[in-house]
Amino acid sequence: MRVNEKYSTLPAEDRSVHIINICAIEDVGYLPSEGTLLNSLSVDPDAECKYGLYFTDGKRKVDYVLVYHYKRPSGSRTLARRVPPSDAALAAARSVKQDQPLPGQGRPVGADEPEPPADLHEDKQSRREEYEGNLLEAGLELEHDLDTKIHGVGFVKIHAPWNVLCREAEFLKLKMPTKKLYHIHETRGLLKKINSVLQKITDPIQPKVAEHRPQTMKRLSYPFSREKQHLFDLTDKDSFFDSKTRSTIVYEILKRTTCAKAKYSMGQGGGRKKESALLSKRRKCGKHGITSLLANGVYAAAYPLHDGDYEGERVEFNDRKLLYEEWASYGVFYKYQPIDLVRKYFGEKIGLYFAWLGVYTQMLIPASVVGVIVFLYGCVTVNENIPSIEMCDQRHNITMCPLCDKTCSYWKMSSACATARASHLFDNPATVFFSVFMALWAATFMEHWKRKQMRLNYRWDLTGFEEEEDHPRAEYEARVLEKSLRRESKSTETDKVKLTWRDRFPAYVTNLVSIVFMVAVTFAIVLGVIIYRISTAAALAMNSSPSVRSNIRVTVTATAVIINLVVIILLDEVYGCIARWLTKIEVPKTEKSFEERLIFKAFLLKFVNSYTPIFYVAFFKGRFVGRPGDYVYIFRSFRMEECAPGGCLMELCIQLSIIMLGKQLIQNNLFEIGIPKMKKFIRYLRLKPQSPSDRDEHAKRRRRYEADFTLEPFAGLTPEYMEMIIQFGFVTLFVASFPLAPLFALLNNIIEIRLDAKKFVTELRRPVAVRAKDIGIWYNILRGVGKLAVIINAFVISFTSDFIPRLVYLYTYSADGTMHGFVNHTLSSFNVSDFQDGTAPSDPLDLGYEVQICRYKDYREPPWSEHKYDISKDFWAVLAARLAFVIVFQNLVMFMSDFVDWVIPDIPKDISQQIHKEKALMVELFMREEQGRQLLLDTWMEKGRRKDEPCNHHSPKAGPDGPEYHGGVL
């Protein structure tokens, strides 16, 4: 009896009857292993060409695969395929319920007072059998494959028949296309001509996939219902549910299928020993099956299959191959992404990530163009910049005070000429405009993404979709059970117990202390780098080579930034692991809650780690150095370092560029390429055959599920989003100091898209498709970074650059309305006789003459004043102007950003019209169906009435209450 093979051809009513009959047959002890589970004796000759995508009959598609490790008896390689000793008997007995005896055991699993398994593998095997039996009861079809090319690894192939797909699609409220087609709203007139011209121009950069072509017709979608199957186009049932939907349905069944007998089989009797046994079993099987079974090693892996190979001469055409050619290849970097095909293959959540990444990359193009223009403006006007000309003019002969105690000597300001000229490239009036532009760009980008997201929601039939509450995580269920057992409650009351803040209080305290400690570690490392810079500068100042002494500032800055980069990359990995551990000990209830808490912690730690060195240079370096004769010291030994005469903006630019480019090159690209390949190589070495017979088997072509098992498991989108959000911070937070940041981000993202695409298509197991209508908490983080960028750029322009001091000098102190004399105005004088003991230069005649007055950058009274070295009035005037600029800039830009947010509607007008049109068409469709139903009922009743009129007897009138009424269903 081969019932399962006929599921796809039976009507819904007959299928349900057969399922009941199967269960009844199992209850009386019949083992339907030949037809239901293995089918290993009737192998289709064409099945081998499927390479593991189908069951051995060559007809039923593999929708999901479970992988487990087992002990292979010696000599099993020589036996027939899928029939190893004892394991074959075990597999054949899989379809029976757990009250049947296991091979080699004298009592059934569910018998009273069972003895615990003597071997761990037998224990896992018994739980696998129980779980797989429950999967069979849920309607899934299973097939074991123990004789694989991977030693000691068994595979369970899962197929969902048509009736199960229909049932689950209705439960999940999956929107499926109906037979009804309607025209999509098209633009007319001038807009239509413009769109047609743009399509012709952009045709060479469009991917050659059917899903990417502009559509004029769309099928009306409706949540699937078994009672309304006539509304849907079921001419081809094999392709009605695509592979992504089938695997999603199977995964939902795997998550909610329980190990009921394993939970309660050891719960008989009293005492703490029995309770511990019950707790142990509940931990191992969990309330929601597959996640707990994977966590406890009962199964090694669970994944849907890729559609086939992506390269090779004889590879059949499939979506994976198409994605590889049109999306995951570096040769198509200039093309748009086939987002609809990505969504079809990987699901909405991954599709939204790549759509967001594409929109972000597109929006970087205008930002990069404007940034390059600002940079070129600085290059063109560098020779016209009066302050840098004065600094480079040796005729001014300005002698500056030493940069360190004793070892450093006096120096000429003209020696910093190159730094001053380079600073103008990034510190000019155009950078203020660019900061305003980038703030508006960030607001426009967010609005553009919201509109794009609504278009995708409409196109992917996600309008009206609401995420349902996830199943509780296995760890949460285990903690709830522990709590219930501590209260000595009955097992039936465990669902009423939940974790409160009191239960999580130790975890919250641990989180707080750990995060504060790690932030303190980051600050300590930055302090260590500061000490390195100070001590290195002092050591290089004692060098006898003039070239070394002249390049002290560049050498110290470059080496310190490289040290910061290495530390940031290492701590990023450490903080990611710590954030995951801190989230685990909180025991969040659902996967969504777990993901959001993990994202928050990881972003907080990585934000502090990445930006702390940059914040130091931007806002702290040179602010608390004191003055000659009264410097500020760290640990009473290291004098705080000063900014260059041209300001700290140039150093901030160097710091930002090296950290940003280094992170993108090393962490985002090399790590993403190297680490998966290294893990894949290690996995290959572990699974490498040892014996000659194993090598012969391994030389044969692997089946699809074997090849996918060697790929890297999908670890979620959090790392992908995280690196892009950190990059977004580099682009927006300090853009006033580095206008080329958008350009470097654009170049990185062009590679990043194809790199991620290739990783998903070739290096990772196929993820389970997850429905989502937005990018979740990441949108809020983006908005927060955008708002913070306005404030930071206001302070960078005001306090880090010389933009405000120049304006104050130009309109307040300049005698001729030009910038002549600005450099001299910003320098204060110091009498060298006022040096503290032991701090004066050891070689005061290093410049060839005796110095009596040296200059330093600050607004202080001269030594001949009554209040010598006190802060002058000029300082307070400049400070007031800086604070006023921050207030005006921040409020003006915030207002403009909110105005952009208000002007651009979140939902495009045409999409709003299409959504209303769909609702109207759906109402019309159901009204017609109801009218047809009523007309058919009236016709049937009229025929019955005419038939009864010639007959002269008093039979009851046919109708809804009559005995002959059959419902009148279409």
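Taking the stretch 596-611, which residues are open to solvent by 10 Å² or more (accessible area, probe 1.4 Å) and among the β-branched types (Val, Ile, Thr)? Once the filter is applied, which keeps residues that are open to solvent by 10 Å² or more (accessible area, probe 1.4 Å) and among the β-branched types (Val, Ile, Thr), the stretch 596-611 yields only VAL608.
Please work out if THR818 is under 28 Å from PRO739 (Cβ atoms) and surrounded by 12 or more Cβ atoms within 10 Å (Cβ to Cβ).
Values: under 28 Å from PRO739 (Cβ atoms): yes; surrounded by 12 or more Cβ atoms within 10 Å (Cβ to Cβ): no.
Answer is no for this residue.
Yes or no, residue by residue, for (1) touching a residue at least 40 places away in the same chain (Cβ under 8 Å); (2) not in a helix (DSSP H, G or I):
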site: LYS406; (1), (2): yes, yes
site: ARG421; (1), (2): no, no
site: LEU462; (1), (2): yes, yes
site: GLU466; (1), (2): no, yes
site: ARG479; (1), (2): yes, no
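When you check LYS321 against the structure, is it assigned to a helix (DSSP H, G or I) and open to solvent by 10 Å² or more (accessible area, probe 1.4 Å), yes or no? Criteria met by LYS321. If you go through the stretch 128-147 and keep only what is at pLDDT below 85 and either in contact with a helix residue (DSSP H, G or I) (Cβ under 6 Å, 6 or more places away or on another chain) or β-branched (Val, Ile, Thr) (or both), you end up with just LEU146. Criterion applied to VAL369, VAL432, VAL374, VAL359 was being in a helix (DSSP H, G or I), in contact with a helix residue (DSSP H, G or I) (Cβ under 9 Å, 6 or more places away or on another chain) and surrounded by fewer than 16 Cβ atoms within 10 Å (Cβ to Cβ), and the one residue passing it is VAL369.
Would you pick out the residues in the stretch 775-785 that are buried (at least 18 other Cβ atoms within 10 Å of the Cβ), at pLDDT 90 or above and not β-branched (Val, Ile, Thr)? Explain how you work it out, then say what you get.
Here is the first cut: in the stretch 775-785, the ones buried (at least 18 other Cβ atoms within 10 Å of the Cβ) are 775-776, 778, 781-782, 785.
Among the residues that remain, those that are also at pLDDT 90 or above are: 775, 778, 781-782, 785.
Answer for the stretch 775-785, where residues must be buried (at least 18 other Cβ atoms within 10 Å of the Cβ), at pLDDT 90 or above and not β-branched (Val, Ile, Thr): TRP778, LEU782.
Taking the stated definitions as given, is THR812 part of a loop (DSSP other than H, G, I, E, B), assigned by the TED database to the domain that holds ALA439 and either closer than 30 Å to ASN793 by Cα or open to solvent by less than 50 Å² (accessible area, probe 1.4 Å) (or both)?
no
Exactly one residue among ARG451, ARG395 is assigned to a helix (DSSP H, G or I), more than 26 Å from ALA618 (Cβ to Cβ), at pLDDT below 90 and out of contact with any Lys or Arg (no Cβ under 9 Å at 6 or more places or on another chain), and that residue is ARG395.
Within the stretch 659-699, restricting attention to residues that are surrounded by fewer than 16 Cβ atoms within 10 Å (Cβ to Cβ) and of a type in the set (Gly, Ala, Ser), the residue that is modelled with the lowest pLDDT is ALA699.
Quick one: would you say VAL369 is assigned by the TED database to the domain that holds VAL851, under 33 Å from the mean Cα position of the chain (by Cα) and without any contact (Cβ under 8 Å) to a residue 40 or more places away in the chain? Reasoning before the result, please.
Working: assigned by the TED database to the domain that holds VAL851: yes; under 33 Å from the mean Cα position of the chain (by Cα): yes; without any contact (Cβ under 8 Å) to a residue 40 or more places away in the chain: yes.
For VAL369, the condition - assigned by the TED database to the domain that holds VAL851, under 33 Å from the mean Cα position of the chain (by Cα) and without any contact (Cβ under 8 Å) to a residue 40 or more places away in the chain - is met.
Let's see how each residue does on (1) surrounded by 14 or more Cβ atoms within 10 Å (Cβ to Cβ); (2) in the same structural domain as MET438 (by the TED database):
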position: LYS857; (1), (2): yes, yes
position: ARG860; (1), (2): yes, yes
position: PRO863; (1), (2): yes, yes
position: ILE871; (1), (2): yes, yes
position: ALA877; (1), (2): yes, yes
position: ALA880; (1), (2): no, yes
position: PHE895; (1), (2): no, yes
position: ILE915; (1), (2): yes, no
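Here ILE569, ILE530, ILE562, ILE614 are screened, and the one residue that is open to solvent by 20 Å² or more (accessible area, probe 1.4 Å), over 30 Å from LYS498 (Cα atoms) and out of contact with any Ser or Thr (no Cβ under 8 Å at 6 or more places or on another chain) is ILE562. When LYS349 is tested against the conditions (1) closer than 20 Å to LEU174 by Cβ; (2) of a type in the set (Lys, Arg); (3) in contact with a Gly (Cβ under 7 Å, 6 or more places away or on another chain), the lone failure is (3).
Checking ALA439, ALA416, ALA422, ALA443 one by one, the residue that is in contact with a Pro (Cβ under 6 Å, 6 or more places away or on another chain) and open to solvent by 10 Å² or more (accessible area, probe 1.4 Å) is ALA416 and no other. Among the residues making up the stretch 598-638, those that are in a loop (DSSP other than H, G, I, E, B) and of a type in the set (A, V, I, L, M) are VAL625, VAL632.
If you check GLY647, GLY662, GLY674 for being assigned to a helix (DSSP H, G or I) and in contact (Cβ under 8 Å) with a residue 60 or more places away in the chain, only one passes: GLY662.
The values are calculated or read from the model by the stated rules, or taken from the named source; none is laboratory data. The structure presented is a predicted model; accordingly, all values stated were derived computationally and were not measured. Backbone-built Cβ (ideal geometry, glycine too); neighbour counts: all protein chains shown. Keep in mind that these areas ignore ligands, DNA and RNA; they rest on the heavy atoms of the full protein, side chains included. Shrake-Rupley method; radii C 1.70, N 1.55, O 1.52, S 1.80 Å.
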